[in-house]
Amino acid sequence: MRNFLFLLLILNICLTATQIKQDSLFENIFSIIEQSKKNENCESYNELFNIISNSLILKDTTSTLGAFSRLSYQFYNNEDYSIAKDAYSIISSYHEKQNNIKAANDAYFYLGCIYNELSDFKNALKYHIKSKNISKSFTQHQYVVASYKEIALTYFLMEDYSNARIMLGKAVCLSDSIGYSGMNGAIFNMYGNIFDKEGKFDESIKFYNKALVEYQRTEFASNIAGVYNNIGTVYENMGQLEKAAEYYLNSVEIKEELNQKYSASITYQNLSNVFERIEDFEKAELYADKSLQIAEELNLRITISNSLDTKGRLKFKLGKYEKALEMFDSSLAIKKETQLIESIALTNIMKAKVYRFLGENQKALELLKLAEQNLVNYGSKLNLANCYHELSDLYIKTEEFANALEYSKMAYGISDEIGANLLKSKTAMNLNLLFKKEGNYKKSLEFLEVSQAINDSLFNKETIRSITKSEMQYNFEKEKSLSAKEYNKEKEILIAEIDHQKELRNFFVISFLIAAILMAVLINMFLARRKAYKTLVRKSAELLKKDECKDSEESDVKNKYNNSKLDKEYLRELQSEIHRLVLEDKIYLDPDLTIKSLSEKINTNSTYLSQTINSFYGKNFNTFINEFRIKEAQKLILDDIHESMSIEGIAVSVGFNNRTSFSAAFKNYTGVTPSFYIKSRSEVISN
């Protein structure tokens with residue numbers, strides 16, 4: 001019934017427009033209404049449609065324009081920017097023809113706002129400057145303040161923070177001189193944005209909270225949601241992910257209630273970033289897809305490119321390097337259209353990281369140097385520090401340790417200055433490694449302790465933390481760069497080295513020979529330990545080859561089940577079927593394999609299956625299956641296949657559900673960790 005009435009309304013407007021088709025204004029208005037009838041918000045426009053319809057019948061230009069102006073604002077407020085742009089263009093053109101510039105000024109102002117949302121910054125500046133000049137000529141000071149604020153926003157979106165600050169300063173001076181506080185919330189919010197980009201997070205939070213107070217006083221829900229999103233971004237930059245998620249969720253809840261798709265797409269993107277950082281890649285991709293879907297629907301080019309960046313990072317972390325490069329290239333194509341230098345630099349940094357993992361170090365270096373050049377001139381401190389850290393990682397890989405140390409120091413200095421704790425922890429670990437290579441164990445220990453202290457404060461001993469406020473709850477457990485055991489061991493070694501160096505300084509003259517002997521002993525112990533581990537790896541590989549070569553011989557039934565009621569012949573039949581499924585079908589590659597599912601597959605029960613495995617192999621079910629999985633993982637590592645796979649990828653491919661259980665089983669079976677086994681691969685193959 002509702003659709004029928006709406007069609008009658010459109011038909012009525014159509015007939016009326018036909019009667020007055022000589023009037024181009026009415027024809028243009030009808031064209032806009034016809035576009036909007038396909039919009040899902042059309043019901044909220046029905047009252048204004050009726051007013052416009054009656055005005056068209058009466059040929060009442062004043063009433064028609066008044067209702068159409070309100071309808072245009074509703075298009076803008078509902079984020080129907082494409083239709084809103086056309087609507088305000090009709091209004092401004094009509095008033096220009098009537099030489100009524102003052103009446104056209106309102107349309108100019110909103111056209112500037114709309115072009116900002118559509119990332120057409122050239123047109124945004126054009127209309128906002130035009131609106132500001134007209135408002136000045138009519139001494140409409142409040143409108144001038146609003147125009148200054150919007151011009152500042154345009155410069156900010158163009159990453160021109162210097163001009164943005166100048167425009168905000170003019171807005172503040174003028175509003176103070178006329179005693180106008182209506183724009184305070186927006187001005188405070190803009191200052192928060194700039195301080196965030198400059199890495200001054202405490203100042204940023206302070207101004208955002210000021211903006212929040214102003215907006216809560218006026219109960220402007222849309223602006224409150226925007227500030228929540230901005231505060232979440234600052235907390236994310238500071239590494240306080242739980243607080244970031246809390247503010248993002250508050251923001252997106254309001255935006256969904258208001259049906260503000262454009263704004264919601266940005267916050268979905270931010271939520272995706274949080275879940276990515278806690279390595280919940282499934283939820284990260286879910287939110288990235290939500291953001292991308294809305295952005296493509298509304299043709300939001302910058303949001304599309306940001307979503308592609310996120311999906312590229314996720315593909316990279318899952319070991320899908322070529323797919324990651326494809327995503328980053330698509331993002332760069334969009335960003336180059338808008339000429340956002342800082343955003344282009346960030347995508348190049350991510351792309352360089354992929355090339356580093358692929359071993360294409362020269363390509364990685366070229367991209368990082370280009371990003372460094374752009375970020376020094378146009379970027380925020382946080383992004384510049386990230387670039388320095390990536391350069392340090394690359395130089396460590398290429399064993400250019402002097403360059404690596406230089407960039408690590410710069411990255412650490414900036415991250416410490418702006419309070420970017422996650423980045424500070426990573427750079428501290430690089431400095432720990434580099435100073436240790438120099439033999440400066442005191443400095444090495446100092447940075448190791450800095451990193452550990454930050455990790456303990458951020459990731460709080462593997463507890464489960466609440467990131468979402470409703471049904472979304474998950475484990476906030478971040479793998480640290482050093483486990484507690486490894487950290488303590490490393491710390492003990494470094495402290496021992498420091499003490500040893502003190503002894504050398506104190507007794508150098510009379511104890512030189514003794515000190516030299518002690519140093520030789522320490523070196524021999526270190527080399528002996530490494531040799532022992534490598535021997536363990538080599539023997540493990542040799543055993544693997546023997547297992548592949550020899551025929552699997554069936555063992556005699558052990559005495560453990562001599563008193564069993566089962567016939568030994570039946571046990572041998574079960575063993576033969578197990579033997580076939582494991583060696584031929586490789587059933588152990590199924591991550592969902594259980595003793596129950598396997599017993600069902602061979603038409604027996606769990607008890608008989610367990611007894612058979614114990615009798616013939618002397619192991620329980622889990623140990624039996626995991627040993628085959630570990631052997632399969634060893635084969636992947638010894639082949640060239642592993643070079644395109646992460647440890648997580650290897651774990652999943654051989655039947656484990658996660659890296660933790662894989663690493664524990666691998667070390668239990670081989671005596672070394674998967675990462676050490678991979679590093680020792682070349683020596684194993686050469687032998």
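The values are calculated or read from the model by the stated rules, or taken from the named source; none is laboratory data. Owing to the predicted nature of the structure, the values given are computational and were not obtained by experimental measurement. Counting neighbours? That spans all protein chains shown, and the Cβs are built from the backbone with ideal geometry, glycine included. Each accessible area value is taken on the protein alone, full model and side chains, heavy atoms only, with ligands, DNA and RNA left out. Shrake-Rupley method; radii C 1.70, N 1.55, O 1.52, S 1.80 Å.
Table: residues versus (1) open to solvent by 40 Å² or more (accessible area, probe 1.4 Å); (2) touching a residue at least 60 places away in the same chain (Cβ under 8 Å); (3) more than 30 Å from residue 386 (Cα to Cα); (4) in a helix (DSSP H, G or I).
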site: 166; (1), (2), (3), (4): yes, no, no, yes
site: 173; (1), (2), (3), (4): yes, no, yes, yes
site: 181; (1), (2), (3), (4): yes, no, yes, no
site: 185; (1), (2), (3), (4): no, no, yes, yes
site: 189; (1), (2), (3), (4): no, no, no, yes
site: 195; (1), (2), (3), (4): no, no, no, yes
site: 202; (1), (2), (3), (4): yes, yes, no, yes
site: 205; (1), (2), (3), (4): no, no, no, yes
site: 213; (1), (2), (3), (4): yes, no, yes, yes
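Search the range 612-660 for residues being aliphatic (A, V, I, L, M) and under 24 Å from residue 595 (Cα atoms), and hand back the single one that is surrounded by the fewest Cβ atoms within 10 Å (Cβ to Cβ). It comes out as 652. The listed residues are 374, 299, and the only one of them that is under 30 Å from residue 399 (Cβ atoms) and over 20 Å from the mean Cα position of the chain (by Cα) turns out to be 374.
The set of residues in the range 80-108 that are open to solvent by less than 40 Å² (accessible area, probe 1.4 Å) and aromatic (Phe, Trp, Tyr) comprises 81, 88, 108.
Here is the figure for the range 116-132: residues that are over 25 Å from residue 62 (Cβ atoms) and modelled with pLDDT of 90 or more total 7. Across the range 299-324, the number of residues qualifying as assigned to a helix (DSSP H, G or I) and open to solvent by less than 50 Å² (accessible area, probe 1.4 Å) comes to 15.
With a requirement of 1 or more residues that are under 30 Å from residue 302 (Cα atoms) and out of contact with any helix residue (DSSP H, G or I) (no Cβ under 9 Å at 6 or more places or on another chain), none of the helices (runs of 4 or more DSSP H) lying completely within the range 57-151 satisfies it.
Being in contact (Cβ under 8 Å) with a residue 60 or more places away in the chain, within 29 Å of residue 354 (Cβ to Cβ) and not in a loop (DSSP other than H, G, I, E, B) is the requirement here; does residue 631 meet it? Judged against the criteria, residue 631 is not a match. Residues considered: 237, 223, 229, 209. Of these, the only one that is under 13 Å from residue 184 (Cα atoms), polar (S, T, N, Q), out of contact with any Asp or Glu (no Cβ under 6 Å at 6 or more places or on another chain) and buried (at least 19 other Cβ atoms within 10 Å of the Cβ) is 223. Only residues that are open to solvent by 30 Å² or more (accessible area, probe 1.4 Å) and outside any helix (DSSP H, G or I) were counted across the range 325-346, and they come to 1.
Residues checked against (1) of a type outside the set (A, V, I, L, M); (2) out of contact with any Ser or Thr (no Cβ under 9 Å at 6 or more places or on another chain):
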| site | (1), (2) |
| --- | --- |
| 307 | yes, no |
| 317 | yes, no |
| 320 | yes, yes |
| 335 | yes, no |
| 345 | no, yes |
| 374 | yes, yes |
| 377 | yes, yes |
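Each residue in the range 391-400 was checked for being within 22 Å of the chain's Cα centre (by Cα) and either more than 18 Å from residue 344 (Cβ to Cβ) or surrounded by fewer than 21 Cβ atoms within 10 Å (Cβ to Cβ) (or both), and 3 of them qualify.
Condition (residue is among the hydrophobic types (A, V, I, L, M, F, W, C), over 30 Å from residue 336 (Cβ atoms) and open to solvent by 40 Å² or more (accessible area, probe 1.4 Å)) applied to the range 131-145: is it met by at least one residue? Yes, because at least one residue in the range 131-145 is among the hydrophobic types (A, V, I, L, M, F, W, C), over 30 Å from residue 336 (Cβ atoms) and open to solvent by 40 Å² or more (accessible area, probe 1.4 Å).
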